[in-house]
Amino acid sequence: MNKLKSLFMILLAISGLQAQPTVKQVYLDKNQPMEVRVKDALSRMTLEEKVALCHAQSKFSSHGVPRLGIPELWMSDGPHGVRMEIMWDSWDHAGWTNDSCTAFPALTCLAATWNPEMSHLYGKAIGEEARYRRKDVLLGPGVNIYRTPLNGRNFEYMGEDPYLASRMVVPYIKGVQENGVAACVKHYVLNNQEKWRGHIDVELSDRALYEIYLPAFEAAVTEAGVWTIMGSYNKVRGQHACENNLTLMKILKGEWNFDGCVITDWGGAHNTKDAALNGQDIEMGTGTNGFSANKKNAYDNYFLADPYLQMLRSGEIPVSNVDEKASRVLRLIFRTAMNQDKPFGALCNQEHSEVGRAVSEQGIVLLKNSTKLLPIDGSRYKTIAVIGENATRSLTEGGGSSELKPKYEISPLQGLIEKFGADKIKYAMGYGSGAPAYDQVKSSPYNADSLRKAAIELASKSDLVIYVGGLNKNTHQDCEGNDRLSYDLPFGQNELISELQKVNKNIVLVMLSGNAYAMPWLSQATTLVQAWYGGSEAGNAIANILSGNVNPSGKLPFTFGEKLSDYGAHSFGTIAYPGDETKEEYREDILVGYRWFDTKKINPQFPFGYGLSYTTFEYGKISADKKEYSADDTIQLSFTLKNTGSRDGAEVVQVYASEPNASVVRPTKELKAFKKVFLKAGESTIVGLSVKVKDLAYFDENSHTWHIDPSTFVLSNASSSTDIVSSVKIKVK
Ligand code: BGC
C-alpha cells in the first residue's frame, strides 16, 4: 500500500500537479506592497519571535526569524569606512584577514567640501563596501552639531551649522541606501560632548533644539528617508535619549513620521518600560562596555528581551507595542537583508580610492598663504624637511568606534616623497605622542628633547619646511569616549612650531585634526593648511594640494576661535560645559558657532565658511527677482562670479540672511544657501541660488510652529561668514 502511495506521489510531482501550499507567503513576494508584506510576516510570528527582533544577538547583529527564513541584521561602524569585524561577544577585533576597507576622509572633511555631490559619491562608495562586506546597517553618518572644540568626536560630524549639515547629510544617506544598506544617522540627539556622555542631562530651549540641533536629523528622516537612527547616550530633559518620549515619540515618530528603526547606541538602553513605551526598537550593546567584565550571552537579559516578554505576557505592556516595533524591524529587514534587488557592492576598488582622494582634496582648506609659498614649485628647492609625527602616523587607527583597518593608507610623507622626490626630502618626527589607545594614555617611548633638537637642526639646514602636525586619534584628542583637555595643540607642538619659525622662514604648516585649536604662532606663520583626516588617500591629496596639481577649494565647516573662552558654550561657566556632572544647560541658546561670534562681535581666528584658493574670485552684486514675497514663495537670487586669477578653481559662494528688526532674538546672520562653483581661469558665470521664504522663519516656542515676521530681511552673498560682498533687502508680507 505504502509503495503504491509513493508511486502516486512521484507521478503527481512529475506531472506538476502537486498540491500547492494553500497559504501564500506574501511577505516573501517583493512585488507586494511593503506594508502588506510586513503585516503578513507579523501575523505568522509568535510573541517570542517578535520580542527577539527587538534586541541584539551579538555585538553587532540582531535576530531574524529563522523559522520563516527571515534573516538577521548585521551592522557595522561607520561612518568613515566599514570597520573591521568584531568578536561575537566582545569589543575585540575578530582577526579576520578579509575585512580591510577603503578609509574615506572624516566627515568634517566631507563637510568642508561644501559639495553635496561629493557627499553622494562618498555615501554610494561606502555603501558599496558595506554591501560587499554583507552589512545591512552602516552606523553613520553623524550630524551632532559642533558646539565646543573640546568634543572628542567632532571629527565624525559635519560642523556647526544646521543648514550645511542638512545639505551634506541627505546625499550621503541616499548614496548608502541605494545599495540596500541602511544608513544609521547618529547620535540622536544632543550628544555634543563625550565627557559624561552616558548620563549628562541636557537642558535647552525649544528654539535651540528646533533651530540648531534637530534640522540635520530632520532632513535625514524627511528628505533622505533614512531607515535607521541611533539614539544617543546622554539624557535630554531628564530622560535618556534612547527612551525619550519627547525626542523619539513626539518629534521623530510623531512630527516627522519616521517609519524606520530606532537603534540604541551600544549600551544606551536603561529601563524596559521606558524603552518599550518611548520609541526604542532595537537594543544593542547593553552591559558590554568593552572594558569591564562582560557577561557572555547575556542577550536574553536585555531590557527589550526577557523582561520585555514578561511585561507583554502579563499585560503590563500591550502586545500592540511589540507589534509596532517588530513591524519596523521587518520593514528594515525587507529594505536591506531581504532586498532582492540590491546590487552586489564592491570593496577597495580604484573608484573608491578616487572618491576618497577627491573628497579629501576638495575638503582641504587653505587658511593662509601670505608669501605665496604655495603651491610649491619643487624645482626651486634642493632640500625639503618634512617634520611632525602626523606625516607618518596612521590616523585611521584609533579614535574609538570609527577606527578602521584600511587596505592601505598613504601617509603625508609618502605622498610628498612621491610628488617631490626622495632625494630632496628628509624627515624628522619632531614630537612623539605615544600609541593610539582608547580610554588610556600611552606615553611616547621617545625622548622629547632629542626629537625636538633633531627637527630644529634639520629645519635650519633645509630650503623649505613642511610641518605636518595637529591632533591625532589618541584619547583626549580626536577620539570617542573623552573630550580634549585643552584647546592647545598637544605634545609640545606650539613650542616646537615657534622654534622652527626661528630657524626657517619657509614653513608650510599642514594641520590634521577634526577640531579647531589655538594658534599662538599664527602671526609668525605665512602658510597654513587645514587638512583634516583624509583616510587612505590622505597623503596623495595633501601632496596634490601643496604642489598645486589641485587648487584648494575647501571652506571651514566650523569657526576657529582664537581661544576657548570665545565660544558660546564656554562663556557661562561649567554649567554650560561640561555641566555639573548631572546636568548641563545650553545657555548660549541658538547662538552656536558663528552665530555667537557674530552676534557678540568676537573676531574669530578663522571664520566659518572661510578658505582660500590659488586663484582669485570677484563677486558681483547680489540681486533678488522681486522686492516683496509671501510666505510660500521662493526667492531667486543671482550675482556674477568671475575667476580673476590664472588658475582654474572652485569657489564656495554663500548666502546669509538676517532680520534686522526681528520681534525675537535672532543671530546676526544665518547661512541659507551655498554652491560650489567651478570656473576656469578668466571665466565668469551668473550664479543662481534660491531661498525659500519659509526657511527665514524662527521657531516660535509659544505656538510650537515655525513663524515668519512680516518684515524686511537682508540677504547677502559672501565668501565666508565674515566676508560679506553685497546685500539685497526684501520684504515678506
Ligand atoms: C558609539 C557609536 C557606535 C557604537 C558601535 C558606540 O560606543 O557611540 O557611534 O556606532 O559604539 O560601535
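The values are calculated or read from the model by the stated rules, or taken from the named source; none is laboratory data. All values derive from a computational prediction rather than experimental measurement. Note: ideal-geometry Cβ built from the backbone for every residue, glycine included; neighbour counts use all protein chains shown.
Computed values, structure above
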read-out: Residue in the range 312-334 that is within 25 Å of the chain's Cα centre (by Cα), of a type outside the set (S, T, N, Q), over 30 Å from MET519 (Cα atoms) and not in a helix (DSSP H, G or I) present; value: no
read-out: Single residue of the range 90-128 satisfying the filter (within 14 Å of the ligand (Cβ to nearest atom) and over 22 Å from LYS407 (Cβ atoms)) that is surrounded by the most Cβ atoms within 10 Å (Cβ to Cβ); value: TRP91
read-out: Any chance ALA385 is out of contact with any Lys or Arg (no Cβ under 6 Å at 6 or more places or on another chain) and buried (at least 19 other Cβ atoms within 10 Å of the Cβ); value: no
read-out: Any hit, the range 407-428, residues being part of a helix (DSSP H, G or I), within 29 Å of GLY159 (Cβ to Cβ) and among the aliphatic types (A, V, I, L, M); value: yes
read-out: Candidate set: the range 702-715, residues that are within 29 Å of the chain's Cα centre (by Cα) and surrounded by fewer than 19 Cβ atoms within 10 Å (Cβ to Cβ); chosen: the one nearest to ALA631 (Cα to Cα); value: TRP706
read-out: Selection status of ILE251, of a type in the set (A, V, I, L, M), surrounded by fewer than 24 Cβ atoms within 10 Å (Cβ to Cβ), modelled with pLDDT of 95 or more and more than 14 Å from the ligand (Cβ to nearest atom); value: yes
read-out: Tabulated pairs, the range 113-133, first of a type in the set (Asp, Glu), second modelled with pLDDT of 95 or more and part of a helix (DSSP H, G or I), C-beta under 7 angstrom, 6+ apart or interchain; value: GLU129/HIS352
read-out: Pick from the range 52-81, criterion among the aliphatic types (A, V, I, L, M) and within 12 Å of the ligand (Cβ to nearest atom), ranking: surrounded by the fewest Cβ atoms within 10 Å (Cβ to Cβ); value: ALA56
read-out: TYR586 vs. criteria out of contact with any strand residue (DSSP E or B) (no Cβ under 7 Å at 6 or more places or on another chain) and on the phi < 0 side of the Ramachandran plot; value: no
read-out: Members of the range 5-50 found to be aliphatic (A, V, I, L, M), at pLDDT 55 or above and loosely packed, with under 10 Cβ neighbours inside 10 Å, listed by number; value: VAL23
read-out: Top-ranked residue of the range 129-171 - restricted to ones that are more than 14 Å from the ligand (Cβ to nearest atom) and closer than 17 Å to GLY535 by Cα, ranked as nearest to the chain's Cα centre (by Cα); value: MET158
read-out: Members of the range 401-438 that are within 16 Å of the ligand (Cβ to nearest atom) and modelled with pLDDT of 95 or more; value: SER401, SER402, GLU403, LEU404, LYS405
read-out: Every residue from the range 217-237 that is of a type in the set (Gly, Ala, Ser), more than 20 Å from GLY159 (Cβ to Cβ) and surrounded by fewer than 24 Cβ atoms within 10 Å (Cβ to Cβ); value: GLY225
read-out: Failed item, numbered, when ILE86 is tested on (1) within 16 Å of the ligand (Cβ to nearest atom); (2) in contact (Cβ under 8 Å) with a residue 60 or more places away in the chain; value: (2)
read-out: Complete set of residues in the range 212-251 that are in a helix (DSSP H, G or I), under 23 Å from GLY123 (Cα atoms) and touching a residue at least 60 places away in the same chain (Cβ under 8 Å); value: TYR213, ALA216, PHE217, ALA220
